[in-house]
Amino acid sequence: MAKDKGKGWSPGLAGLLSPVTFWLGLFFLAPLLLIVAYSFGTAGVYGGMKLGFNTNNYAQIADPLYLKILFRTLVIAVLTTLLCLVLGYPLAYFIAFRSRKWRNNLILLVMIPFWSSLIIRVYAWVVILSGNGIANHALQFLGITNGPVNLIFTPKAVLMGMVYSYLPFMVLPLYASLESFDVSLKEASQDLGANRWHTFWRVTFPLSMPGVIAGSILVFIPAAGEFVVPQLLGGAKTTMMGNLIQQQFLDARNWAFGSALSMILAVVLLVAIIFYVRRVGTDKLEVG
Amino acid sequence: MSIKSSSISRSLGRVPDRALFALVGLLYLFLYAPIAVLMFFSFNSAKSTEFWGGFSTRWYSALLMDQDILHAFYRSLIVGVVSTIIATAIGTLAALALARYRFRGKSFYDSTIYADTVMPEIVVGISLLAFFVAVHVPLGLTTIIIAHVAFNIPFVTIVVRSRVVGLDRSLEEAAQDLGAGPISTFLRVTLPLIFPAVIAGALLAFTLSFDDFVITFFVAGVGSNTLPLEIYSMVKLGVSPVVNALSTVIIIAVMVVVFVGSRIFMRKERA
């Protein structure tokens with residue numbers, strides 16, 4: 001057990017690490033490896049599985065039907081992330097530069113919807129958008145529409161539900177990075193003749209980049225794996241990868257294809273995040 | 001000088017940009033209007049949310065009589081408490097190891113913990129489902145708790161670790177110099193010092209467990225709905241007035257807890 005080179009595993013260390021090794025090894029890593037194995041397997045009857053080296057499950061994603069779902073998933077996830085960033089940044093910025101008392105209360109107000117249930121947050125939009133509900137009443141009252149129009153079960157409804165659900169995930173890390181921000185840097189920039197616009201883009205924004213990156217990842221990943229929002233607010237035209245995976249596991253009982261889809265989703269997300277962090281992360285940080 | 005001027009500009013706030021002010025107002029409206037709509041319709045005597053049929057508390061009475069919701073609530077509490085205790089214990093030990101020791105394979109632990117936090121929930125959910133089926137563990141409360149511990153450990157570890165890293169080791173060394181053994185040093189010196197972080201990690205774990213839908217959805221099996229699963233099954237087919245009442249209760253409860261919690265926290269900070 002003990003390793004040499006002065007980085008040995010003392011009994012104390014082994015004691016501290018054995019519970020986590022057991023739990024995450026058995027209930028996180030082993031299941032993932034099982035899915036990897038299944039993704040190369042062949043589906044039998046009723047969820048049965050024949051292992052092997054069958055790459056057909058991966059080849060199936062090339063079907064235009066599935067490619068379209070993958071593409072749609074990424075578009076919705078990217079749009080959700082962008083909208084959360086565009087809306088969340090001014091909010092986090094505003095809160096971060098208030099007095100201490102106001103800051104605490106305002107950020108708590110952002111957190112309360114987050115601490116209530118995710119399902120409830122999505123359900124609220126079902127109530128608003130459904131049938132001749134509040135949203136349709138408002139549209140007619142404002143004279144934008146003459147009668148009730150179909151709002152729910154559309155891609156826009158899904159996007160709305162996603163932005164609403166994930167906005168707090170964006171605001172919190174942004175707030176954390178802006179709150180620790182040294183205001184004197186802003187003042188120095190303005191003393192040196194930069195206007196507020198310049199100061200923001202050249203000083204404040206680059207320094208808040210860690211928050212932007214953290215927030216984007218915190219929104220993008222669950223958004224790309226989402227299946228509740230499209231289930232409740234979307235229709236057949238808004239099926240996302242999450243729905244497809246769920247169908248393969250629970251309805252179609254094709255665990256091999258479902259596993260391959262999960263692997264594809266995980267790998268695509270991993271690549272997207274690495275690309276994003278390299279690209280956005282280093283560029284902007286060096287400028288700052 | 002610069003410290004003074006910066007603290008002044010922060011406490012007074014900059015002259016608020018009208019546009020920013022208006023935008024922030026709209027964003028808070030965006031955050032709270034949907035919740036207000038739910039609360040409003042929870043008092044609607046009509047079943048529909050398309051019109052107002054008069055004030056009524058009938059959906060609250062229906063909520064109290066709903067055995068399925070009450071049982072789901074108890075299940076969520078049990079799962080939340082049990083999984084939080086286990087995850088906090090395991091996560092805290094792991095945090096101590098990762099913050100204090102340099103060892104071979106450390107980066108493997110780091111990346112596993114990181115991967116666990118960023119892995120899409122649906123992938124974690126279906127992989128656990130496949131695993132439990134493969135090893136013939138029947139789905140139910142036990143599998144839910146196992147899954148919740150697995151996704152909560154990393155969050156506890158991350159929160160506690162940052163506290164352990166910032167800890168002054170001289171106190172523990174002093175205790176050991178004075179003859180305390182490793183276990184009594186841990187219990188009487190280290191643990192009290194990291195306790196705020198342990199509590200913070202536990203609270204985070206409980207919140208995540210209580211609200212988890214996706215992973216639970218796959219590992220729950222039949223007849224062990226937690227509260228989010230129960231709500232989902234009720235709203236899957238559209239508007240449910242009982243859920244409007246339940247949502248109102250949950251949101252008010254969260255607001256009370258947050259309000260009381262922040263008062264206590266702020267008083268402590270001031271003291």
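Values quoted throughout were computed directly from the atomic coordinates according to the rules given, and no laboratory measurement underlies them. Only a predicted model underlies this, so the values are computations on that prediction, with no experimental measurement involved. Note that we place each Cβ from the backbone using ideal geometry, even for glycine, and neighbour counts take in every protein chain shown.
For an R0 of 22 angstrom, estimate the FRET efficiency from the Cβ-Cβ distance between B:Ala134 and A:Leu250 and round to the nearest 0.05.
Values: r = 16 Å, r/R0 = 0.74.
It comes out at approximately 0.85.
Let me have the 222 nm mean residue ellipticity of chain B computed from DSSP H runs of 4+ only, each contributing -39500 (n - 2.57), with the sum over all residues rounded to the nearest 500.
Working: 13 runs with 208 residues, N = 271.
When only DSSP H runs of four or more count, the value is -25500 deg cm²/dmol.
List the trypsin sites (Lys or Arg not before Pro) within the range B:153-192 that fall in a DSSP loop (any state other than H, G, I, E or B) and whose Cβ has at most 12 other Cβ atoms within 10 Å.
Values: sites: B:Arg161, B:Arg163, B:Arg169, B:Arg188; in loops: B:Arg169.
Those that pass, being in a loop and sparsely packed, are B:Arg169.
If the chain between A:Phe22 and A:Asn146 were fully stretched, how many nm would it gain, using 0.36 nm times the residue separation less the Cα-Cα distance?
Numbers: separation 124, 0.36 × 124 = 44.64 nm, distance 6.20 nm.
Additional length available on full extension: 38.4 nm.
For the protein assembly as shown, what does the alpha-carbon gyration tensor say about shape, rounded, prolate or oblate, given a ≥ b ≥ c as the root eigenvalues, a/c under 1.5 as rounded, and a/b over b/c as prolate? Before the final figure, lay out each step's value.
Working: a/c = 1.42, a/b = 1.05, b/c = 1.34.
In terms of gyration-tensor shape, rounded.
Shape of chain A from its Cα gyration tensor (a ≥ b ≥ c, root eigenvalues): rounded if a/c is under 1.5, otherwise prolate when a/b > b/c, or oblate? Let's see the in-between values first.
On the way: a/c = 2.06, a/b = 1.14, b/c = 1.80.
It comes out oblate by the Cα gyration axes.
Taking each residue in A:76-89, count the Cβ atoms of any other chain within 10 Å of its Cβ, then average. What number comes out? Walk me through the numbers before you get to the answer.
On the way: counts 0, 0, 0, 0, 0, 0, 0, 0, 0, 0, 0, 4, 1, 0.
Average neighbour count from other chains, rounded to a whole number: 0.
Pick from B:Val149, B:Val257, B:Val242: which is most flexible by mean-square fluctuation in a GNM of chain B where alpha carbon atoms under 10 Å apart are linked?
Of the options given, B:Val257 has the highest mean-square fluctuation.
For A:Lys156 and B:Val256, what does the FRET efficiency come to when R0 = 41 Å and r is the distance between their Cβ atoms, rounded to the nearest 0.05?
After rounding, the FRET efficiency stands at 0.75.
Any of A:Lys237/B:Lys47; B:Lys47/B:Lys236; A:Lys50/A:Lys237; A:Lys156/B:Lys47; A:Lys237/B:Lys236 with alpha carbons more than 24 Å apart? Name them for me.
On the way: A:Lys237/B:Lys47 29 Å; B:Lys47/B:Lys236 16 Å; A:Lys50/A:Lys237 33 Å; A:Lys156/B:Lys47 27 Å; A:Lys237/B:Lys236 17 Å.
With Cα atoms farther than 24 Å apart: A:Lys237/B:Lys47; A:Lys50/A:Lys237; A:Lys156/B:Lys47.
Students often check this: by mean Cβ neighbours within 10 Å, which of A:128-135, A:183-190 ranks highest, and how do the rest follow?
Working: A:128-135: 20.1, A:183-190: 16.8.
Ranked from most to least packed, the peptides come out as A:128-135, A:183-190.
When you look at the Cβ of every residue in A:258-269, what mean number of other chain Cβ atoms sits within 10 Å? Let's see the in-between values first.
Details: counts 4, 4, 0, 3, 9, 1, 0, 4, 8, 0, 0, 4.
Neighbouring Cβ atoms belonging to other protein chains average 3 per residue here.
Add -39500 (n - 2.57) for each DSSP H run of 4 or more in chain A, then divide by its residues: what number comes out at 222 nm, to the nearest 500 deg cm²/dmol? Let's see the in-between values first.
Working: 15 runs with 190 residues, N = 288.
The helix contribution divided over chain A gives -21000 deg cm²/dmol.
By Kyte-Doolittle mean hydropathy of at least -1.0 and Cα axial length of at least 30 Å, which whole DSSP H helices of chain A are selected? Show your work: numbers first, answer last.
On the way: long enough: A:64-96 (46 Å, 1.81); A:155-179 (35 Å, 1.02); A:255-276 (31 Å, 2.35).
Helices meeting the criterion: A:64-96, A:155-179, A:255-276.
Sorting check: for A:193-201, B:130-138, which peptide has the highest mean count of neighbouring beta carbons within 10 Å, and how do the rest follow?
Working: A:193-201: 12.4, B:130-138: 15.3.
The packing order, highest mean first, is B:130-138, A:193-201.
What is the average number of partner chain Cβ atoms found within 10 Å of a Cβ in A:101-112?
Whole-number average of other-chain Cβ neighbours for A:101-112 is 3.
May I ask you to list the aspartates and glutamates whose Cα is less than 16 Å away from that of B:Lys106, ignoring any residue fewer than eight positions away on the same chain?
A:Asp4, B:Asp116
I need the calculated FRET efficiency for the pair A:Ser10 and A:Ala30, taking r as the beta carbon distance and R₀ as 22 Å, to the nearest 0.05.
Numbers: r = 27 Å, r/R0 = 1.20.
Given R0 = 22 Å and the Cβ-Cβ separation, E is 0.25.
Relative contact order of chain A, please, whole-number percent, based on alpha carbon pairs below 8 angstrom and at least 6 residues apart.
Rounded, it is 26 percent for chain A.
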